[in-house]
Structure formats: C-alpha cells, structure tokens
1. Please determine, by comparing only the residues of the stretch 8-33 that are assigned to a loop (DSSP other than H, G, I, E, B) and among the small types (Gly, Ala, Ser), which one is most open to solvent (accessible area, probe 1.4 Å).
2. Do we have residue 95 as modelled with pLDDT of 95 or more and polar (S, T, N, Q) here?
3. Restricting to the stretch 40-89, what's the tally of residues that are of a type outside the set (Lys, Arg) and under 30 Å from residue 18 (Cβ atoms)?
4. Check whether at least one residue in the stretch 59-71 is surrounded by 10 or more Cβ atoms within 10 Å (Cβ to Cβ), over 38 Å from the mean Cα position of the chain (by Cα), without any contact (Cβ under 8 Å) to a residue 12 or more places away in the chain and part of a helix (DSSP H, G or I), and report yes or no.
5. Here is a check on your reading of the model: is residue 2 within 36 Å of the chain's Cα centre (by Cα) and exposed (fewer than 10 other Cβ atoms within 10 Å of the Cβ)?
6. Tell me yes or no: at least one residue of the stretch 35-55 is of a type outside the set (Lys, Arg) and surrounded by fewer than 10 Cβ atoms within 10 Å (Cβ to Cβ).
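The values are calculated or read from the model by the stated rules, or taken from the named source; none is laboratory data. All figures in this text were calculated on a predicted structure; none of them were measured in a lab. Neighbour counts run over all protein chains shown; Cβ positions are idealised from the backbone, glycine included. Note: areas computed on protein heavy atoms with side chains; ligands, DNA, RNA excluded. Shrake-Rupley method; radii C 1.70, N 1.55, O 1.52, S 1.80 Å.
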Amino acid sequence: MRQRTFWVAFGLGVLVGSAAAILCAPQSGAMTRRKLRRSVEDLSDNLQDAGDYLKEQAERLTKEAQKLISSGKEQLNSAVDTAAGYVKTANKAVQSATDRLM
C-alpha cells in the first residue's frame with residue numbers, strides 16, 4: 001500500500017509541477033504547447049526505444065538461461081550415470097561378498 005501511495009503522490013506532484021511550469025512559462029501559449037507536444041513525442045520515442053532494448057535484453061537472457069539449463073541437465077545426467085555406475089559396482093561387490101559368506 002505504501003508503494004501505491006508513493007506513486008499517487010508522485011503523479012500528483014508531476015501534474016502540479018507541469019501546471020505551474022505552464023502558468024509561469026515566459027513564452028506564448030502556442031509556443032509552449034508546441035514544445036510540450038515535441039517533448040511528449042520525444043518521450044514516446046524514448047519509451048519505445050527503451051521498450052525495444054528491454055525486449056532484446058529479455059530475449060538474450062532467455063537464450064542464455066536456456067543454454068545454462070541445457071548444460072545443467074547434461075551435467076546432471078552425467079552425474080546420475082556416474083552414480084548409477086558406482087551403485088552397480090557396489091551392488092556387485094555386496095553380492096559377491098554375500099555369495100562368499102554363504
């Protein structure tokens with residue numbers, strides 16, 4: 001709930017600050033609106049670029065994670081095979097010792 005309150009307060013601060021900046025602007029309304037429009041367009045372009053970058057990074061990290069998972073599976077399978085070999089050898093040794101005792 002605290003985080004939500006923070007973002008609401010932040011949004012209100014941005015709105016109040018924007019309104020104060022527009023009211024105190026030294027330029028005409030048309031020029032201010034033009035600058036605002038350009039700023040919003042630039043922001044939109046920047047957000048689009050950031051989104052594209054994040055998407056590329058997410059895809060790259062996904063591929064890396066898949067490689068790591070695959071490598072981990074191979075290592076686990078190798079360890080399981082090795083352990084199975086040891087168990088078989090130990091089982092044969094126990095069976096041989098049991099046979100000698102009987």
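1. That would be 28.
2. When the stated conditions are applied, residue 95 does not pass them.
3. So in the stretch 40-89, the residues of a type outside the set (Lys, Arg) come out as 40-54, 56-59, 61-62, 64-66, 68-72, 74-87, 89.
Imposing the further condition that a residue be under 30 Å from residue 18 (Cβ atoms) reduces the set to 40-54.
Residues meeting the conditions: 15.
4. No: zero hits.
5. It is true that residue 2 is within 36 Å of the chain's Cα centre (by Cα) and exposed (fewer than 10 other Cβ atoms within 10 Å of the Cβ).
6. Filtering the stretch 35-55 down to residues of a type outside the set (Lys, Arg) leaves 36, 39-54.
Keeping just the survivors that are surrounded by fewer than 10 Cβ atoms within 10 Å (Cβ to Cβ) gives none.
No, there is no match, as no residue in the stretch 35-55 is of a type outside the set (Lys, Arg) and surrounded by fewer than 10 Cβ atoms within 10 Å (Cβ to Cβ).
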